[in-house]
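Enquirer: My questions all concern the structure below.
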Amino acid sequence: MSINKFTINIEGDYVDSYIYSGLLILVDIDYKLTIYKWEQLFNQGLSGLNSFKLLALKSLILDSRVKIPKIELTNITISKRILNSAKLFTFDIGVWPSDINIFSNQLYISSEKGVSKLSLNYKDGSLSSEIKLFDEMCFSVSPNSHGRLAFAAGKSGVLTLLPLSKFHSQNHIKQLVSDVCVDLDWQSTKLFASTVHGVVEATFVKMPKQSDFEETSEFWNEVKLNKETKPRIERNTEEKMSWIAGDKKYSFLNNGNIKIGYFECEASTIETNFNDNILKARTAAFGTVLETDDELFSFIGNDIIPLGKEPVSWRVFPRAKNYANQLHIVQDEHIEITIIESLAENKFGFDTSKIDLQG
């Protein structure tokens, strides 16, 4: 099966990447996090093209949901010189990040030293001073609305930070799940934690809309009340890992199959019979990506598409409409940012209009 795709190769040695609100964030092998102006990078990378090709590719790179133009050019390379010209801000992490995540202009970094938060100014790409939220080893972080944050803390299980005000965030870290956990995903009202004993599903009260309240104080009182309401906890030992994309839950089962269903509806199981050891799985608009011990695959349509061998790291962006068809793969000497076009028959992908940022 052939897929329509366009690739942007970025020169250099990196360990992680992220894209958010017109900014490209890269972490290099010296553990320096640098923020670049995304549009400026590809404007220079596309220099020299005729106006037709230029306009078609600019639209695609600004919004990955746009159909990939039918031109002979399938990739471009961003040199270190171009990178340096688009640099906005640099921050020294000083440690290999186990995860980075950005939500509502807040940058979260997890590592063996814990979890930190920095406020991001998306207009100029600058970061505020670092605030330490947690000082023990953390493997992954997943933020949600109103400053809420969940993190997979290994032997400490799943912890949540539910600040009742911006001045008392560190005092509201609580253990949600005691099972060992290294990966989780919290979107909308659902938090899925992949633990050593299967998947734990936590269902939270839906956050209110401010437009539904006449008084601002009533709205914030409702937000506080919802934060204090304990979620409903369920366990599923048949699921090895679960995650969210749009309004759909995806699960990789112990028997090697994938289960896909809409929230609160019965899910259907697709017989993939994938017996390799899965390290990580996430869903983009174009399909579902899985990492094994030594390879990266994607389920697109009815086929398994190989994506590469032993990546340093990789990432998709199911919360970002404009970047939901992007796949970032960090290789040893470069980053591949590939835009993959969604198929009309897209059971392994999702509808970007269903993204819920309210929670």
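The values are calculated or read from the model by the stated rules, or taken from the named source; none is laboratory data. Because the structure is predicted, anything quoted here is derived from the model rather than measured. Every residue, glycine among them, receives a Cβ derived from its backbone with ideal geometry; neighbour counts consider all protein chains shown. The area values use the complete protein model at the heavy-atom level, side chains included, leaving out ligands, DNA and RNA. Shrake-Rupley method; radii C 1.70, N 1.55, O 1.52, S 1.80 Å.
Enquirer: Mind listing whichever residues of the range 117-146 are open to solvent by 30 Å² or more (accessible area, probe 1.4 Å), assigned to a loop (DSSP other than H, G, I, E, B), in contact (Cβ under 8 Å) with a residue 12 or more places away in the chain and not aromatic (Phe, Trp, Tyr)?
Expert: Those that are open to solvent by 30 Å² or more (accessible area, probe 1.4 Å), assigned to a loop (DSSP other than H, G, I, E, B), in contact (Cβ under 8 Å) with a residue 12 or more places away in the chain and not aromatic (Phe, Trp, Tyr): 124, 130, 135, 136, 137, 146.
Enquirer: Sort out for me the strands (runs of 3 or more DSSP E) sitting completely within the range 1-112 that have 3 or more residues that are of a type in the set (Phe, Trp, Tyr).
Expert: Those strands (runs of 3 or more DSSP E) span 14-20.
Enquirer: Could you check the range 33-70 and list, in sequence order, the residues that are open to solvent by 80 Å² or more (accessible area, probe 1.4 Å) and among the basic types (Lys, Arg)?
Expert: 65, 67, 70
Enquirer: Working only within the range 192-233, note down all residues that are open to solvent by 90 Å² or more (accessible area, probe 1.4 Å), part of a loop (DSSP other than H, G, I, E, B) and free of Cβ contacts under 8 Å to residues at least 24 places away in the same chain.
Expert: Within the range 192-233, 196, 214, 215, 230 qualify.
Enquirer: Under 9 Å between Cβ atoms, which residue pairs at least 6 apart in sequence (or on different chains) link something in the range 73-85 that is closer than 18 Å to residue 35 by Cα with a partner that is part of a helix (DSSP H, G or I) and open to solvent by 30 Å² or more (accessible area, probe 1.4 Å)?
Expert: Close Cβ pairs satisfying both conditions: 78/44; 79/44; 81/44; 82/40; 82/44; 85/40; 85/44.
Enquirer: Among the residues of the range 119-141, how many are touching a Ser or Thr at 6+ places or on another chain (Cβ under 7 Å), under 23 Å from residue 156 (Cβ atoms) and not basic (Lys, Arg)?
Expert: 8
Enquirer: Suppose we filter the range 249-276 for residues that are modelled with pLDDT of 85 or more, closer than 13 Å to residue 192 by Cβ and surrounded by fewer than 17 Cβ atoms within 10 Å (Cβ to Cβ); how many remain?
Expert: Of the residues in that region, 1 qualify.
Enquirer: Still on this structure, please answer the following. Has the range 259-277 got at least one residue that is among the aromatic types (Phe, Trp, Tyr), farther than 21 Å from residue 151 by Cα and part of a strand (DSSP E or B)?
Expert: Yes: the range 259-277 contains one or more residues that are among the aromatic types (Phe, Trp, Tyr), farther than 21 Å from residue 151 by Cα and part of a strand (DSSP E or B).
Enquirer: Give the residues of the range 306-350 that are assigned to a strand (DSSP E or B), open to solvent by 20 Å² or more (accessible area, probe 1.4 Å) and of a type in the set (A, V, I, L, M, F, W, C), sorted by residue number.
Expert: 307, the sole residue that qualifies.
Enquirer: For the range 91-106, which residues satisfy the criterion of being acidic (Asp, Glu) and open to solvent by 40 Å² or more (accessible area, probe 1.4 Å)?
Expert: 92
Enquirer: Report yes if some residue within the range 171-191 is without any contact (Cβ under 8 Å) to a residue 40 or more places away in the chain, surrounded by fewer than 22 Cβ atoms within 10 Å (Cβ to Cβ), within 30 Å of residue 255 (Cβ to Cβ) and among the basic types (Lys, Arg); otherwise report no.
Expert: Checked against the condition, which is being without any contact (Cβ under 8 Å) to a residue 40 or more places away in the chain, surrounded by fewer than 22 Cβ atoms within 10 Å (Cβ to Cβ), within 30 Å of residue 255 (Cβ to Cβ) and among the basic types (Lys, Arg), the range 171-191 yields no hits at all.
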